[in-house]
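All remarks here apply to the structure that follows.
The values are calculated or read from the model by the stated rules, or taken from the named source; none is laboratory data. The model shown is predicted, which means the values in this text are computed figures rather than measured ones. Here the Cβ positions follow ideal geometry from the backbone for every residue, glycine too, while neighbour counts run over all protein chains shown. For the accessible areas, the whole protein counts, side chains as well, though only heavy atoms, and no ligand, DNA or RNA atoms are used. Shrake-Rupley method; radii C 1.70, N 1.55, O 1.52, S 1.80 Å.
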Amino acid sequence: MTDRDQFWPACLARLAGELSSQQFNTWIKPLTAEAGEDALVLFAPNRFILQFIKDRFLARIEELAVELVGELPIELRVGAPGKAPAAPATPPAPRPAASAAAGSAMQAQAKQAAVKAIGAGHESTRLNPAFTFESLVTGKGNQLARAAALQIAENPGDAAYNPLFVYGGVGLGKTHLIQAIGNHVYQKNPAAKIRYIHAERYVADIMRAYQHKAFDEFKRYYHSLDLLLIDDIQFFAGKNRTMEEFFYAFNALLEGGKQVIMTCDTFPRHIEGMDERLISRFSWGLTVEIQPPELEMRVAILMKKAEADNLKLEHNVAFFIAQNVRSNVRELEGALKRVVAYSRFSNQPITLELVKEALKDILAAGNRQVTVDAIQKTVAEFYKIKLSDMHSKKRSRDIARPRQIAMALAKELTPLSLPNIGDAFGGRDHTTVLHACKTIAELRGNDADMANDYDTLLQMLRN
Amino acid sequence: MDQLVLNLTPEPLPAFDSFVAERNREVVTALIDPQAERFLYLWGEPGSGKSHLLQAWIAHAEALGRASIYLDARVDRLPEFAREASFIAVDHVDELHPDDQITLFSIYNSLKEAGEGRLLMAGRRPPMALALRDDLRTRIGWGLVFEVKPLSDDDKLAALARHAESRQLAIPDDVFRYLLTHWRRDLASLVDMIDLLDRYSLALRRPITVPLVKNILQTTSSPS
């Protein structure tokens with residue numbers, strides 16, 4: 001039936017619209033479809049992709065099938081369709097969000113040329129030329145922040161986005177993101193006065209300027225910038241001199257229509273010991289959050305990193321590392337370094353076996369794996385409710401809310417699937433767990449206390 | 001009266017070749033490979049040889065003619081001038097004072113920014129489990145991380161025999177084995193004990209034997 005033949009292209013088009021391009025390129029694009037006798041067979045290049053599709057996307061694909069062509073069973077298999085071996089399988093390696101058609105070689109060349117083009121003048125910016133939008137892996141956790149960053153890179157100084165305040169946990173790529181803005185602005189206008197500085201350095205520089213009676217110079221320099229990027233602004237907290245000076249610099253820059261960009265480990269209101277005047281100013285422009293990367297994004301980050309280092313990394317290997325190193329991007333990259341070092345040391349190619357061997361100590365250390373039981377117990381104690389309430393059917397808010405938090409934590413901290421988590425909470429449906437995760441994610445965005453509670457629990461469970 | 005001992009013992013510099021590296025060869029390889037990652041972190045139980053490795057690494061850097069500095073967070077606060085060095089070793093990071101955590105963080109960043117220089121750190125726990133500032137902890141985990149495996153008993157016997165040989169001491173094997181079961185088991189304590197035995201043996205003018213060791217262990221304060 002033609003209907004069925006047309007379903008997959010139509011389905012692809014819909015999924016492309018619904019998913020981030022990273023998700024789509026990593027998971028959906030490697031699939032090939034073949035209309036079987038009574039089902040549509042989707043071939044995945046390996047069982048990791050198959051498993052992932054099954055867990056995350058199969059339900060949606062089935063829904064689309066119902067919607068587009070009526071009842072159509074979907075079957076998943078590993079391999080390639082038998083009848084069309086001519087069509088080369090799409091490489092499973094994820095491509096950056098840029099147009100997929102463009103040859104990646106050309107892209108790489110262009111990038112290299114760009115990096116080379118950044119010359120001596122670039123040095124004064126203190127930007128790392130490797131931190132660009134092209135090399136930034138995008139996923140759910142940072143797509144909003146990236147979109148805002150791109151806007152600013154195109155139009156620095158636009159009052160709607162000034163200042164840009166980027167916050168999120170450590171090791172999630174805040175520095176990369178803001179430096180990408182700096183590099184982009186520099187590319188467009190090498191004459192722009194740009195300065196990236198870590199807040200800790202800024203504090204030290206102020207002290208030095210005082211000691212050397214070079215304060216006017218210091219001031220003139222910072223007030224004359226076109227783009228100021230300050231990393232980890234929370235370092236200013238409690239340092240009155242610094243906050244005062246920064247206050248003036250900030251005002252001068254904003255009045256002159258110059259762009260200020262800051263990163264912080266927390267939401268402006270939550271920085272303890274920060275000057276109120278600064279806190280309110282931080283919120284004048286745009287405040288965006290970067291969240292921890294999901295599994296698929298971690299895979300993409302590893303593949304990207306490997307590509308940048310000219311390493312051949314199999315998808316299943318990247319998947320294994322991403323699955324086991326979950327805390328933050330830095331440790332993820334650290335794990336990859338360890339694998340590469342071990343491969344070099346033992347003179348063996350990077351295989352799954354080698355990775356398991358190389359990461360043995362890291363895995364053993366991380367394998368004080370958090371269990372659902374531990375999560376339930378910790379959360380129950382934290383909110384002073386009974387452990388049995390975690391499994392009970394009670395729906396009053398003072399019990400349901402902690403239960404939802406525990407579910408969200410279970411999703412974040414354990415490798416369990418949603419149905420498994422549902423089971424662990426008194427046999428609840430996986431949609432209940434999904435709802436809990438969404439609710440908590442929303443609450444964390446709007447409700448400072450909730451965000452705080454959640455982070456505290458996360459810390460307690462990780463240590 | 002006991003013979004007075006003229007203290008002529010050489011202070012041996014820790015060196016990689018005196019590190020019994022059977023299970024840790026990969027670590028040593030990474031430490032001396034000029035192409036390797038510039039940020040390294042070693043973790044492992046006390047007595048597994050981390051400090052020895054750090055000091056050997058510094059000696060190695062000196063031999064290469066690089067400005068280097070060994071800092072021990074347990075003993076001293078980190079000096080601000082440390083950042084002037086290009087090979088920086090920081091021992092016992094678990095015990096860094098909060099202000100020193102910021103200093104190390106800043107050193108890390110400036111080395112990273114500079115694109116040269118190396119930083120080798122050591123602590124008891126893996127990066128994720130370190131009770132340090134988040135921004136520092138994740139940076140420690142960003143580099144190349146190794147667990148330094150404690151030496152096996154055979155490794156320790158070999159290391160002790162080698163140490164005795166370097167001092168030109170004739171010590172029967174059963175003395176080493178006796179020490180291994182009756183004295184602290186980390187290599188540093190064992191090596192110190194060999195040196196102590198050497199002095200006793202000279203002072204008492206008796207060869208080093210198990211009975212002598214027994215005697216000395218009884219009179220020396222018991223292992224804490």
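Structural remarks
- Size descriptors for the range B:21-147 (Cα atoms only): Rg and Dmax, in that order, 13.2, 38 Å.
- Accessible-area value, B:HIS52, 1.4 Å probe, nucleic acids and ligands omitted, Å²: 50 Å²
- Taking a straight line from the alpha carbon of A:LYS384, these lysines sit under 21 Å away, with near neighbours fewer than eight places off in the same chain left out: A:LYS393, A:LYS394.
- Separation of the A:GLN459 and A:GLU134 label points, Cα + 7 Å toward Cβ, nm: 4.1 nm
- Stokes-Einstein diffusion coefficient of chain B, Kirkwood radius over Cα pairs, 25 °C, 0.890 mPa s, in µm²/s: 128 µm²/s
- Ordering B:SER166, B:LEU78, B:LEU40 by Cα displacement along the dipole of chain B toward the positive end leaves B:SER166 in first place; charges were set at the Cβ atoms of Lys, Arg (+1) and Asp, Glu (-1).
- Probe 1.4 Å - accessible area at A:SER20, Å² to nearest ten: 20 Å²
- Partner lysines whose Cα lies under 16 Å from the Cα of A:LYS188, excluding those fewer than 8 positions away in the same chain, are identified as A:LYS111, A:LYS116, A:LYS258.
- Surface accessible to a 1.4 Å probe, A:LEU311 within the full protein complex, Å²: 50 Å²
- Within chain B, the selection of entire DSSP H helices by a Cα span of 18 Å or greater along the long axis and an average Kyte-Doolittle value of at least 1.0 returns B:187-204.
- Alpha-carbon geometry of chain A: the Rg and the Dmax are 24.8, 84 Å, given in that order.
- Distant-in-sequence amide H partners of B:LEU96 (H built 1.01 Å from N, under 5 Å): none
- Pairs exceeding 23 Å between alpha-carbon atoms, taken from A:LYS174/A:LYS377; B:LYS50/B:LYS214; A:LYS304/B:LYS50; A:LYS174/A:LYS337: A:LYS174/A:LYS377; B:LYS50/B:LYS214; A:LYS304/B:LYS50.
- As a length-normalised measure over Cα pairs under 8 Å and 6 or more apart, the relative contact order of chain B settles at 25 percent.
- Farthest toward the positive end of the dipole of the range A:202-312, out of A:TRP284, A:PHE236, A:ALA300, is the Cα of A:PHE236, where the dipole comes from beta carbon charges about the Cα centre.
- Across A:LYS219/B:LYS112; A:LYS29/A:LYS140; A:LYS356/A:LYS411, pairs whose alpha-carbon gap is larger than 21 Å: A:LYS219/B:LYS112; A:LYS356/A:LYS411
- Extended-chain gain in nm, criterion 0.36 nm per residue less alpha-carbon gap, A:GLU71 and A:GLN187: 36.5 nm
- Chains B and A together, accessible area buried on both sides, 1.4 angstrom probe, square angstrom: 2400 Å²
- Largest accessible area first, the listed residues A:LYS393, A:LYS411 line up as A:LYS393, A:LYS411 when surface is computed with a 1.4 Å probe on the assembled protein chains.
- The candidates A:ARG220, A:ARG444, B:ARG162, arranged from most to least accessible area with a 1.4 Å probe in the full protein assembly, appear as A:ARG220, B:ARG162, A:ARG444.
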